[in-house]
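Read through the structure below, which is laid out as structure tokens, and then see the notes.
The values are calculated or read from the model by the stated rules, or taken from the named source; none is laboratory data. This one's a predicted model, so the numbers in the text were calculated from it and none came from an experiment. Here Cβ is always computed from backbone atoms with ideal geometry, including for glycine, and neighbour counts include all displayed protein chains. Calculation scope for accessible area: heavy atoms of the full protein, side chains included, ligands and nucleic acids excluded. Shrake-Rupley method; radii C 1.70, N 1.55, O 1.52, S 1.80 Å.
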Amino acid sequence: MARPTIADIARQAGVSKGAVSFALNGRPGVSEETRRRILRIAEEMNWRPHSAARALGGAKAGAVGLVLARPARTIGVEPFFAQLLSGLQAGLSASSTALQLMVVEDTAAEIEVYRRWSSEHRVDGFVVVDLQVRDPRVPVLEQLGVPALVLGGPGRHGTLPSVWADDREAMVSTVDYLAALGHRRIAHLAGLPAFQHTQRRIRALRDSAKRLGLTEALSVPTDFSDAEGAAATRALLTRSRRPTAIIYDSDVMAVAGLGVATEMGVAVPGELSIVSFDDSTLTRIVHPPLTALSRDTFALGEQVARTMLAAIADPGAVHDLKNPTPRLTVRESTAAPRPE
């Protein structure tokens, strides 16, 4: 069914298109009776203003875009994204701004959405997540000239402002804690290697291993899914000298890893300590509850929303904003390793 136009409303109401424009925009030029009739017909036809036409008139779209290039099934089970999206929408709704979300297959498709939504004036700005190494999205967004805010950093995102937390510091604190317990063989089930935060965590583990004199510090990239988390855990636990502690880059993978350890008869924390880089209800309802890096992800989403709205209002006034580093919450999944 074709989108209703001002001409359709004018034809139905028996008035000119100019009269319809006056009525819809609250301008003088038509009687109150005619205005009410036009507004009633527009409502019955489910008419909405065209975003491009509104933009040409200087009006805002009243929406912020978020495009995620991740498998939809993976996003659907990640508490981190659920909390982030909830906080983001709550923060935007406070200013009557909508969140326009799309999940795509890859970065090329994501860039195409940026170009299309920008040309159609569908959104007033973009929130960009999963900052990549040599990220191809950054120069495209700079060229488009639409306000954009990166969740991630620090640095390597051109002139775009960002909201970020220190992944490196969080990883270092986790490795220091495990080393203090006596662990010398630590594995890390990382996320996608193209992501900057994945690379920072990998380097932090490697550098900490040298500083602390660890016997082994191994990072294994995954796609963040429970399936790959389980498979990688099984591979690590079947080695002749398996790690005594594993750090997972997501709570979904950590819970999957705990399940594998239980299935294989590897006691947690007696034979294996587990730490999750994300903290959620998942980490607290399993047995044993998981040690995790905690932060208020809902509040993070709200802060991203506020900063995005500020960037839309005055693009030059917003710069990088650092969030508190996630702090380790110790629970029952970590302990000193058994003597060998």
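Below are the figures for this structure:
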read-out: Listed values (1) 1.01; (2) 1.26; (3) 1.97, entry calculated as Cα Rg over 2.2 N^0.38 Å; value: (2)
read-out: In order through region 310-322: 3J(HN,Hα) via Karplus (6.51 cos²θ - 1.76 cosθ + 1.60), integer Hz, x for Gly, Pro; value: 5, 5, 5, 5, 8, x, x, 8, 9, 10, 5, 10, 8
read-out: Those GluC sites (Glu not before Pro) in region 87-132 that DSSP places in a loop and that have at most 15 other beta carbons within 10 Å; value: 105, 120
read-out: Antiparallel bridges, percent of DSSP beta bridges restricted to the chain (to nearest 5); value: 10 percent
read-out: The chain, accessible area per residue, ligands and nucleic acids excluded (1.4 Å, Å²); value: 46 Å²
read-out: Residue-averaged 222 nm ellipticity for the chain, from DSSP H runs of 4+ at -39500 (n - 2.57), nearest 500; value: -14000 deg cm²/dmol
read-out: Under-5 Å amide H pairs with residue 148, H placed in peptide plane, nonlocal only; value: 126
read-out: Highest average packing first - 260-273, 220-233, Cβ atoms within 10 Å; value: 220-233, 260-273
read-out: Accessible-area composition of region 114-208, carbon plus sulfur, in percent [1.4 Å probe]; value: 52 percent
read-out: Long-range HN-HN contacts of residue 132 with modeled amide H, under 5 Å; value: 196
read-out: Amide hydrogen neighbours beyond the local backbone of residue 294, cut-off 5 Å, H modeled; value: 327, 328, 329
